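Asks: Before anything else, here's the structure in question.
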Amino acid sequence: MIMPGRAICVKILLFLGSCQIGREGLASAPELREQPKKMAIVGGGIGGSAAAYFLRQEFGAGVKIDVFEAGTVGGRLATHDIGGGEFEVGGSIIHPLNLHMKHFVDRLGLQPRDDVTSKMAIFDGKELSFEESNWFIINFLRMLWRYGLNFIRMHMWVESVLDKFMRIYQYQQYGYSFSSVDRLLHAMGGDSFLALANQTLEEVMLAEGFSQSFLNDIVAPVTRVNYGQSVRIHGFVGAVALAGASSGLWAVDGGNKRVCTGLLSHSKAQVISARVTAITFKNRHSKNGPYEVNYMDQSGPAHSVYDIVIVASPLHQGMSDITFTGFSPPIPSHFPGRYHQTVSTLVHGRLNVSYLGSSENPADFRFSDVLTTDHKGLGIHSLSSLDPVSIPKGYVPPPASEKKVWKVFSPQPLAEELLKQMFLEWDDVSESRWLAYPSYSTPHRRTPPFVLHDHLYYLNAIEWSASAMEMSAISARNLALLAHNRWHGQEAKINQEDLHTRLRGEL
Ligand SMILES: Cc1cc2nc3c(=O)[nH]c(=O)nc-3n(C[C@H](O)[C@H](O)[C@H](O)COP(=O)(O)OP(=O)(O)OC[C@H]3O[C@@H](n4cnc5c(N)ncnc54)[C@H](O)[C@@H]3O)c2cc1C
């Protein structure tokens, strides 16, 4: 898909323009209550670190912010060293209209990674059923020949969803927040966004007139590579997946996780290497804050009290195990629904191009991203040639005839037998098993709440609309604003309807 450069620029200008006038112009209101003294964030992934950044922005320098991290800062943004280089193994690509990620990178003095040209093919279990050409016109004609206007219409459909999606940046710039994921979706796209989230992508696209063969051949490979799932994911996350197949995708030079460490240090948050075991509601009028956070660090169990707490880790089986006590109604440790396993295997080896049904000389095989159709028994979702997190000067990706680093996404760990079919030889293999993103195959209606209690919030509820770095950042900003608005009783800044029309006059 091609994202018109001009449209991007106009949207970014609108966003930057509203940055100048938004918060000063409309959002600030006289503060009625003393600022909170201490806040805790559970989780140091992009969600938790963005929350620290935005909480500091909302509440100022006086508040103490503690971030608890049980594993490694970055969470699902992680890199691995293999074949003499460092490579992304978790969240890797960022859309050109992800304005929070863009802002973070600018603000922290980081750089986007240098661009390396890529070429995509689709493997149907026997052969490459689609091969991208270097020539736009050839791709265009091939698509037109096989699928009529489906391809252009898909581009327009994704653009129309994105147009509405972009409204959130303006709302946030003006200080508006939403107390549930559904209200946030509704503010962006009205009933149409809720309808999207309650139907499968397949249902939505068939109803829009897309053909079943286009869905099977082109759309399913995209949902498989981006979410490890079929076109039966819901329509909203499906649109996000399709946007993730646009041109202009980027990554952070040196690794995406640098944004997390950068945000934590910029926000002057204290990172506590500890696993949070329980959050207890003590007393609304307690002098030092009503929430007691119990944690386990290297020296054993400890606790601390806070005025505001944001949980920035999925509250789901296998992701975290936090007990909530003293709350009425009770808060569960795990919400319904499960996270989907994606195994990310890095192989430093020589590809067997004939596994892909290609008779091409490996030296001429130039596809960097091989997506797959929903073919029973295939065992993989995608195969990509990886470039390091920092691109050396004069870098040219090695051809497939040489040993290089490949990333395979699969639902299960790769069996030795499959590895032998895919690679002629290898000298290193590294496997990361992720509970990567929610399992979206069931209807969407089970979204957990943002607000768990008066001043206790849940950032990863947003993942049930779509999981992506930018979604966590949007949720982080929403919760920082919501926490601020609720703390100071600024009800007029919460859950406002029809903001799009009302704010149009302000620009
Ligand atoms: C393989 C893979 C590929 C992906 N590809 C992309 C992509 O290309 N583009 C994109 O935008 N997104 C992608 N994503 C999704 C993206 O990575 C996530 O949506 C995002 O990183 C989630 O960030 P988070 O901070 O909300 O959660 P996490 O990154 O999961 O952070 C939660 C943190 O909380 C910590 N924690 C958990 N329990 C506790 C506890 N009790 N006490 C203290 N700490 C705790 C964890 O250790 C973790 O560090 C991908 C994800 C995976 C796994």
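The values are calculated or read from the model by the stated rules, or taken from the named source; none is laboratory data. In this text, all values refer to a predicted model and were calculated from it rather than measured experimentally. Cβ: placed from backbone, ideal geometry, glycine included. Neighbour counts: every protein chain shown. Side chains included, ligands, DNA and RNA excluded: accessible areas come from the protein's heavy atoms. Shrake-Rupley method; radii C 1.70, N 1.55, O 1.52, S 1.80 Å.
Asks: Which of 38/282; 37/102; 164/407; 126/404; 164/268; 268/493 have a Cα-Cα distance over 22 Å?
Replies: Values: 38/282 15 Å; 37/102 30 Å; 164/407 33 Å; 126/404 24 Å; 164/268 34 Å; 268/493 27 Å.
Pairs exceeding 22 Å: 37/102; 164/407; 126/404; 164/268; 268/493.
Asks: Another question about this same structure. Using only the Cα atoms of segment 36-128, what semi-axes does the equivalent ellipsoid have when each is the square root of 5 times a gyration tensor eigenvalue? Give whole Å, largest first.
Replies: Square roots of five times the eigenvalues give 34, 17, 13 Å.
Asks: Right, next: Using just the Cα positions, wrap segment 222-292 in a convex hull and report its mean projected area in square nanometres, one decimal place.
Replies: Details: hull surface 36.6 nm².
Mean projected area of the Cα convex hull: 9.2 nm².
Asks: Of all alpha-carbon pairs in segment 281-392, indicate the percentage at a distance above 17 angstrom. Kindly include the intermediate steps, with their values, before the conclusion.
Replies: On the way: 4570 of 6216 pairs.
Looking at segment 281-392, the distances longer than 17 Å represent 74 percent of pairs.
Asks: Still on this structure: Roughly speaking, what is the stretch gain from residue 277 to residue 375, that is 0.36 nm per residue apart minus the C-alpha to C-alpha distance, in nm to one decimal? Write out the running numbers ahead of the final one.
Replies: Working: separation 98, 0.36 × 98 = 35.28 nm, distance 4.20 nm.
Gain on extension, residue 277 to residue 375, equals 31.1 nm.
Asks: Mean shadow of segment 153-198, computed from the convex hull of its alpha carbons, in nm²? Present the calculation step by step, with values, prior to reporting the outcome.
Replies: On the way: hull surface 13.1 nm².
So the mean shadow area of the Cα hull is 3.3 nm².
Asks: Using 0.36 nm per residue of separation minus the Cα-Cα distance, give me the extension gain between residue 285 and residue 297 in nm, one decimal. Intermediate values should be presented prior to the final figure.
Replies: Details: separation 12, 0.36 × 12 = 4.32 nm, distance 2.82 nm.
Gain on stretching residue 285 to residue 297: 1.5 nm.
Asks: Going from the alpha-carbon gyration tensor of segment 421-463, what semi-axes, largest first and in whole Å, does one get by taking the root of 5 times each eigenvalue? Each step should come with its number before you reach the end.
Replies: Values: eigenvalues 307, 47, 4 Å².
The equivalent ellipsoid of segment 421-463 has semi-axes of 39, 15, 5 Å.
Asks: Excluding ligands, DNA and RNA, what is the solvent-accessible area per residue of the chain at a probe of 1.4 Å, expressed in Å²? Mind dumping the intermediate values first?
Replies: On the way: 21450 Å² over 507 residues.
Accessible area per residue: 42 Å².
Asks: If packing is taken as the average count of other Cβ atoms within 10 Å, what order do 176-186, 142-152, 389-399 fall into, highest mean first?
Replies: Working: 176-186: 21.6, 142-152: 15.3, 389-399: 12.3.
In decreasing order of mean packing, 176-186, 142-152, 389-399 become 176-186, 142-152, 389-399.
Asks: What is the distance in Å between the Cα centroid of segment 146-196 and that of segment 330-380?
Replies: 29 Å
Asks: With a 10 Å radius around each residue's Cβ, average the other Cβ atoms per peptide and rank 221-234, 351-364, 120-133, highest first. Write down the numbers at each step before the final one.
Replies: Working: 221-234: 23.9, 351-364: 15.8, 120-133: 17.6.
Averaged packing, sorted descending, gives the order 221-234, 120-133, 351-364.
Asks: Further question on the same structure: Residue 135 versus residue 491, label points 7 Å from Cα toward the beta carbon: distance in nm?
Replies: A separation of 6.6 nm, rounded to one decimal place.
Asks: Moving on. Which listed residue (334, 196, 500) has the Cα farthest towards the positive end of the charge dipole for the chain, taking +1 on Lys and Arg C-beta and -1 on Asp and Glu C-beta about the Cα centre?
Replies: With unit charges placed on the Cβ atoms, the residue in question is 500.
Asks: Out of all Cα-Cα pairs in segment 374-507, roughly what percent, to the nearest whole number, are more than 25 Å apart? Display every interim value, and only then the final one.
Replies: Numbers: 4914 of 8911 pairs.
The answer is 55 percent, as a whole percent.
Asks: With a point put 7 Å past each Cα toward its Cβ, work out how far residue 86 is from residue 323 in nm, to one decimal.
Replies: 3.9 nm
Asks: Projected area of the chain, taken from the Cα convex hull and averaged over every viewing direction, in nm²?
Replies: Details: hull surface 95.4 nm².
Averaged projected area of the chain's Cα convex hull equals 23.8 nm².
Asks: Here's another thing I want to ask about it. In the neighborhood of residue 318, defined by Cβ-to-Cβ distances under 11 Å, what is the net charge if each Lys or Arg adds +1 and each Asp or Glu adds -1? Let's see the in-between values first.
Replies: Details: positive: 338, 433; negative: 321.
Its environment carries a net charge of +1.
Asks: What's the local net charge at residue 496, with K and R +1, D and E -1, over the other residues with C-beta under 10 Å away?
Replies: Details: positive: 183, 493, 502; negative: 491, 497, 498.
My count for the surroundings of residue 496 gives 0.
Asks: Excluding residue 201 itself, what net charge comes from residues whose Cβ is under 13 Å from its Cβ, given Lys and Arg +1 and Asp and Glu -1?
Replies: Details: positive: 224, 232; negative: 202, 203, 208, 374.
Charge balance in the 13 Å sphere: -2.
Asks: Convex hull volume of the Cα atoms in segment 305-462, per residue, in Å³?
Replies: Working: hull volume 27.0 nm³, N = 158.
Per residue, the Cα convex hull of segment 305-462 comes to 171 Å³.
Asks: Okay, next question. Suppose we keep just the DSSP beta bridges with both residues in the chain; what percent of those would be antiparallel, to 5?
Replies: On the way: 52 of 77 bridges.
Of the beta bridges lying entirely in the chain, close to 70 percent run antiparallel.
Asks: Does segment 164-314 come out rounded, prolate or oblate, given a ≥ b ≥ c as the square roots of the eigenvalues of its C-alpha gyration tensor, rounded meaning a/c under 1.5 and, failing that, prolate meaning a/b above b/c?
Replies: On the way: a/c = 2.31, a/b = 1.89, b/c = 1.22.
It comes out prolate by the Cα gyration axes.
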